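Working notes, structure below.
The values are calculated or read from the model by the stated rules, or taken from the named source; none is laboratory data. Quick caveat: nothing in here was measured; it's all calculated off a predicted structure. We place every Cβ from the backbone using ideal geometry, glycine too, and count neighbours over all the protein chains shown. What goes into the accessible areas is simple: the full protein's heavy atoms, side chains included, and nothing from ligands, DNA or RNA. Shrake-Rupley method; radii C 1.70, N 1.55, O 1.52, S 1.80 Å.
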Amino acid sequence: MAVPMVGRAAALDELRQAWQRVDGGGGCLPAVLTGEPGTGKSALVGALLRDVRPGTVLTGAARLHSPAPYDWLAAVLAGRDTGALPVPPDALAWLAQRPDVPRERYTPEALLRLAVAAVRALVGAGPAVLVVEDLHALDPASLNLVGELAATDLPTLLLVTSRPPDAAESPQLAARSLARLSGVPGAVRQHLGALEAGHVAQIIAHAYPDAPPSAQLASAVWQRTGGNPYRLTELLAMAAGRGPQALVDEPLPGYLQPAAPDQAPEPELTAREREVLGCLAEGMSNKQIARALEISVRTVTVHVSNLLRKTGASSRTEVALRAVRAGTRADRHPSVHR
Ligand SMILES: Nc1ncnc2c1ncn2[C@@H]1O[C@H](COP(=O)(O)OP(=O)(O)OP(=O)(O)O)[C@@H](O)[C@H]1O
Ligand SMILES: [Mg+2]
């Protein structure tokens, strides 16, 4: 049974408004969605696309097994008629990762320029949505391209999803890339956290329409899944065909268990501080953090100064860089005490 989207109405609304801004004119507008694996970034992208039905959608992602230059564009070009693109055929062979690529004849700068020209031609008069899935896994050439696109006047919503930079091959590159996108004026920045207990209860109630589960059971499921939509949907599938009690009794395979805390000593941070730290590591401004976490800018500044004090860092950049380097856990668990 399909699980209804819960708990992301405000996020969806903000994205819808961003699309309206693009539709009304103006250049490329980045909307960056970050979150731990399975928090529903792709689901949110899907919900937006179903909702606004853009005329043109260009979607690409990294090839998981052997990432190569321009993976994003190659995925976009795959299966498309590229005959009319203003790009010489041999350059196109490189950009589309055709097996019969000619000998290298283009400098990286020239290829980048041609890659932008190809996207420009595909967008046409627009407006369009460019979907960049899993930026953390992308190759450096694609990251560069995405950064370039963000600076163009193309009438596009540049919808980017990413796990936190510490999941990337090169955390610093991913962090810089996210910061560049977030820094575009008007950019939308959302950090998807865990679902709240009430949302988990809503999903369970939907799955068991004939035997509404107790609040106690819903709360137990929330705790054991950490409020993570992926873990929850997997658990629902595993327990399917039995009563709701199976959601609690079913043993969890290792891959569904919330990540064990690192052994390395870390300063004692509150759940909120970890969330703020995660946002800092992704290059968000205080204003963007405030919007992403739905708290006031003033509260953000308090969290940031506490973070500086607890970590002994001298600036927010230093805190962010340390978090990226150390792969400090940020927002991996829902705050049970919130
Ligand atoms: N808000 C939600 N309400 C209900 N179900 C959800 C919600 N968000 C995500 N899901 C479900 O949880 C699962 C994981 O979501 P999704 O694949 O979008 O996560 P993700 O953040 O893109 O993960 P990854 O980092 O692995 O790409 C999907 O089955 C999705 O339908
Ligand atoms: Mg995804």
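Assuming GLY124 fulfils every condition listed in (1) under 24 Å from the mean Cα position of the chain (by Cα); (2) on the phi > 0 side of the Ramachandran plot; (3) away from ligand 1 (no atom under 16 Å from the Cβ) apart from one, which condition is it?
With (1) under 24 Å from the mean Cα position of the chain (by Cα); (2) on the phi > 0 side of the Ramachandran plot; (3) away from ligand 1 (no atom under 16 Å from the Cβ) applied to GLY124, the lone miss is (1).
Just one of the numbered conditions (1) open to solvent by 20 Å² or more (accessible area, probe 1.4 Å); (2) under 19 Å from GLU169 (Cβ atoms); (3) away from ligand 2 (no atom under 11 Å from the Cβ) is not true of VAL57; which one?
That leaves (2) as the condition not met.
Condition check ((1) touching a Cys at 6+ places or on another chain (Cβ under 9 Å); (2) of a type in the set (Gly, Ala, Ser); (3) more than 25 Å from PRO140 (Cα to Cα)) across all residues:
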| site | (1), (2), (3) |
| --- | --- |
| ALA11 | no, yes, yes |
| GLY24 | no, yes, yes |
| LYS41 | no, no, no |
| ALA75 | no, yes, no |
| VAL87 | no, no, no |
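Could you list, in sequence order, all residues of segment 1-20 that are over 21 Å from VAL131 (Cβ atoms) and within 16 Å of ligand 2 (Cβ to nearest atom)?
If the condition is that a residue be over 21 Å from VAL131 (Cβ atoms) and within 16 Å of ligand 2 (Cβ to nearest atom), then VAL3 is the only one that fits.
Among the listed residues LEU92, LEU49, LEU85, which satisfies the condition of being surrounded by 14 or more Cβ atoms within 10 Å (Cβ to Cβ) and either touching a residue at least 40 places away in the same chain (Cβ under 8 Å) or within 16 Å of ligand 2 (Cβ to nearest atom) (or both)? Before the answer, list the steps.
Numbers: LEU92 fails: either touching a residue at least 40 places away in the same chain (Cβ under 8 Å) or within 16 Å of ligand 2 (Cβ to nearest atom) (or both); LEU85 fails: either touching a residue at least 40 places away in the same chain (Cβ under 8 Å) or within 16 Å of ligand 2 (Cβ to nearest atom) (or both).
Result of the check over LEU92, LEU49, LEU85: LEU49.
Got a number for residues in segment 85-104 being out of contact with any helix residue (DSSP H, G or I) (no Cβ under 7 Å at 6 or more places or on another chain) and closer than 13 Å to ALA118 by Cβ? First the steps, then the outcome.
Narrowing segment 85-104 to residues out of contact with any helix residue (DSSP H, G or I) (no Cβ under 7 Å at 6 or more places or on another chain): 88-90, 92-93, 98-99, 103-104.
Among the residues that remain, those that are also closer than 13 Å to ALA118 by Cβ are: 88-89, 92-93.
Looking only at that region, the number is 4.
Out of the residues in segment 36-46 that are open to solvent by less than 30 Å² (accessible area, probe 1.4 Å) and not in a loop (DSSP other than H, G, I, E, B), state the one that is nearest to ligand 1 (Cβ to nearest atom).
First pass over segment 36-46, keeping only residues open to solvent by less than 30 Å² (accessible area, probe 1.4 Å): 36, 38-41, 44-46.
Next, only the ones that are not in a loop (DSSP other than H, G, I, E, B) stay: 41, 44-46.
Details: LYS41: 4, LEU44: 7, VAL45: 8, GLY46: 7 Å.
This residue is LYS41.
Among VAL131, VAL119, which is the only one that is closer than 23 Å to GLY24 by Cβ, crowded, with 20+ Cβ neighbours inside 10 Å and within 16 Å of ligand 2 (Cβ to nearest atom)? It would help to see each step written out before you state the result.
On the way: VAL119 fails: within 16 Å of ligand 2 (Cβ to nearest atom).
Going through VAL131, VAL119 in turn, just one is closer than 23 Å to GLY24 by Cβ, crowded, with 20+ Cβ neighbours inside 10 Å and within 16 Å of ligand 2 (Cβ to nearest atom): VAL131.
Every residue in segment 134-163 that is in a helix (DSSP H, G or I) and either more than 16 Å from ligand 1 (Cβ to nearest atom) or open to solvent by 40 Å² or more (accessible area, probe 1.4 Å) (or both), please. Steps first, please.
Here is the first cut: in segment 134-163, the ones in a helix (DSSP H, G or I) are 135-137, 140-150.
PRO140, ALA141, SER142, LEU143, ASN144, LEU145, VAL146, GLY147, GLU148, LEU149, ALA150, listed by residue number.
So is ALA68 out of contact with any helix residue (DSSP H, G or I) (no Cβ under 6 Å at 6 or more places or on another chain), outside any helix (DSSP H, G or I), within 20 Å of LEU149 (Cα to Cα) and away from ligand 2 (no atom under 16 Å from the Cβ) or not? First the steps, then the outcome.
Values: out of contact with any helix residue (DSSP H, G or I) (no Cβ under 6 Å at 6 or more places or on another chain): yes; outside any helix (DSSP H, G or I): yes; within 20 Å of LEU149 (Cα to Cα): yes; away from ligand 2 (no atom under 16 Å from the Cβ): yes.
Taking the combined requirement at face value, the residue satisfies it.
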